[in-house]
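Worksheet: one structure, shown below.
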Amino acid sequence: MKNPRIGDLVAKIKALESELEEELHQEYEKFTCEITKKRSELLLSYRHDRENIFSYLIRSPLLHIVSVPIIWVVLFPAVILDGFVSIYQWICFPIYKIDKVRRSDYIVIDRHRLHYLNLIEKLNCLYCSYFNGLMGYISEIAARTEQYWCPIRHAKRLKSMHGNYKHFFDYGDSENFRKGLVELRAKLKEEKE
């Protein structure tokens, strides 16, 4: 059977992640209150801190500027991947009775409202917010799919594990895999309800 220590460690990690998220949210709330109190003062400060696009480009290393088309061309396959993965979950997840992943939980576009960023910096933030959010969105869809179809841990140690991995069966544990697969799939259905 599964090692209970692993479950305990995963639970502690999740609790710490939750605690960190709460602390960061409190900092954000505090900052939001300060913004509300000093809105005009902050906006003036932000405008002062915003770097002129021309000086921004002059200061940028030439290799950074040359790499821009390479960075941005990756956006096209990312948008296509976004479409295909979204269509996949819209069609397949209802069949498997798995709750769909909400894009808005992962792709958060809000940094463009920061007045201290110039247009280029805002576009860069837009790109990073979309791309990194998309990777999280796709990862969650893949994690739910993996839990449904092949919830077996790898023999090799992973650098990063998704949240569902803790439920998976040990590598080579055929007995528990056969006995527990239906139950593990049911957990995905319970999350939907």
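Going by the structure shown, is residue 52 more than 30 Å from residue 166 (Cβ to Cβ) and loosely packed, with under 11 Cβ neighbours inside 10 Å?
It is true that residue 52 is more than 30 Å from residue 166 (Cβ to Cβ) and loosely packed, with under 11 Cβ neighbours inside 10 Å.
Test residue 107 against the stated conditions and say whether it is assigned to a loop (DSSP other than H, G, I, E, B) and within 22 Å of the chain's Cα centre (by Cα).
yes
Would you check if residue 8 is in contact with a Leu (Cβ under 8 Å, 6 or more places away or on another chain), at pLDDT 80 or above and either surrounded by 11 or more Cβ atoms within 10 Å (Cβ to Cβ) or over 28 Å from residue 120 (Cα atoms) (or both)? Even if it seems obvious, please write down each step before you answer.
Numbers: in contact with a Leu (Cβ under 8 Å, 6 or more places away or on another chain): no; at pLDDT 80 or above: yes; either surrounded by 11 or more Cβ atoms within 10 Å (Cβ to Cβ) or over 28 Å from residue 120 (Cα atoms) (or both): yes.
Here the answer is no, as residue 8 does not meet what is asked.
Go over the candidates 188, 184 one by one and state the one that is within 22 Å of the chain's Cα centre (by Cα), assigned to a helix (DSSP H, G or I) and at negative phi. Step through it out loud before you land on a result.
Numbers: 184 fails: within 22 Å of the chain's Cα centre (by Cα).
Within the list 188, 184, the selection yields 188.
Just checking, how many residues over the range 153-193 are among the aliphatic types (A, V, I, L, M), under 19 Å from residue 94 (Cα atoms) and either in contact with a Leu (Cβ under 7 Å, 6 or more places away or on another chain) or exposed (fewer than 10 other Cβ atoms within 10 Å of the Cβ) (or both)?
Filtering the range 153-193 for residues among the aliphatic types (A, V, I, L, M) gives 155, 158, 161, 181-182, 184, 186, 188.
Checking the rest, the ones that are also under 19 Å from residue 94 (Cα atoms) come to 181-182, 184, 186, 188.
Right, trim to either in contact with a Leu (Cβ under 7 Å, 6 or more places away or on another chain) or exposed (fewer than 10 other Cβ atoms within 10 Å of the Cβ) (or both) and you get 182.
Result for the range 153-193: 1.
Which residue pairs have Cβ atoms closer than 6 Å, lie 6 or more positions apart in sequence or on different chains, and pair a first residue in the range 134-149 that is closer than 13 Å to residue 103 by Cα and modelled with pLDDT of 95 or more with a second residue that is of a type in the set (S, T, N, Q) and assigned to a helix (DSSP H, G or I)?
141/89
Output the residues belonging to the range 157-174 that are more than 26 Å from residue 137 (Cβ to Cβ) and among the charged types (D, E, K, R).
Answer for the range 157-174, where residues must be more than 26 Å from residue 137 (Cβ to Cβ) and among the charged types (D, E, K, R): 170, 173.
Does residue 82 count as charged (D, E, K, R) and not in a helix (DSSP H, G or I)? Let's see the steps before the verdict.
On the way: charged (D, E, K, R): yes; not in a helix (DSSP H, G or I): no.
The answer is no for residue 82.
Could you say whether any residue in the range 116-126 is closer than 21 Å to residue 80 by Cβ and free of Cβ contacts under 8 Å to residues at least 40 places away in the same chain? Talk me through it step by step, then tell me what you get.
So in the range 116-126, the residues closer than 21 Å to residue 80 by Cβ come out as 123, 126.
Of the ones still in play, those that are also free of Cβ contacts under 8 Å to residues at least 40 places away in the same chain are 123, 126.
Yes; the residues of the range 116-126 include at least one that is closer than 21 Å to residue 80 by Cβ and free of Cβ contacts under 8 Å to residues at least 40 places away in the same chain.
So if I check each of 178, 111, 185, which one is closer than 25 Å to residue 50 by Cα and at pLDDT below 90?
Exactly one of 178, 111, 185 is closer than 25 Å to residue 50 by Cα and at pLDDT below 90, namely 111.
If you check 138, 98, which single one turns out to be surrounded by 14 or more Cβ atoms within 10 Å (Cβ to Cβ), among the aliphatic types (A, V, I, L, M) and assigned to a loop (DSSP other than H, G, I, E, B)? Steps first, answer last, please.
Details: 138 fails: assigned to a loop (DSSP other than H, G, I, E, B).
Of 138, 98, the one residue that is surrounded by 14 or more Cβ atoms within 10 Å (Cβ to Cβ), among the aliphatic types (A, V, I, L, M) and assigned to a loop (DSSP other than H, G, I, E, B) is 98.
Please work out which residue is modelled with the lowest pLDDT, limiting yourself to the range 11-49 and to residues that are surrounded by fewer than 11 Cβ atoms within 10 Å (Cβ to Cβ), closer than 30 Å to residue 168 by Cβ and hydrophobic (A, V, I, L, M, F, W, C).
24
Report, by residue number, each residue of the range 50-79 that is modelled with pLDDT under 90, of a type in the set (S, T, N, Q) and assigned to a helix (DSSP H, G or I).
Answer for the range 50-79, where residues must be modelled with pLDDT under 90, of a type in the set (S, T, N, Q) and assigned to a helix (DSSP H, G or I): just 55.
Might you let me know whether the range 152-174 holds any residue that is over 30 Å from residue 54 (Cα atoms), of a type in the set (Ser, Thr, Tyr) and outside any helix (DSSP H, G or I)?
We begin by selecting, within the range 152-174, every residue over 30 Å from residue 54 (Cα atoms); these are 152-174.
With of a type in the set (Ser, Thr, Tyr) added as a condition, the list becomes 160, 165, 171, 174.
Within this subset, residues satisfying the condition of being outside any helix (DSSP H, G or I) are 160, 171.
Yes: one or more hits.
The values are calculated or read from the model by the stated rules, or taken from the named source; none is laboratory data. Treat the numbers as computed from the prediction; the structure is a model and nothing was measured. Glycine gets a Cβ as well: all are built from the backbone with ideal geometry, and neighbour counts include every protein chain shown.
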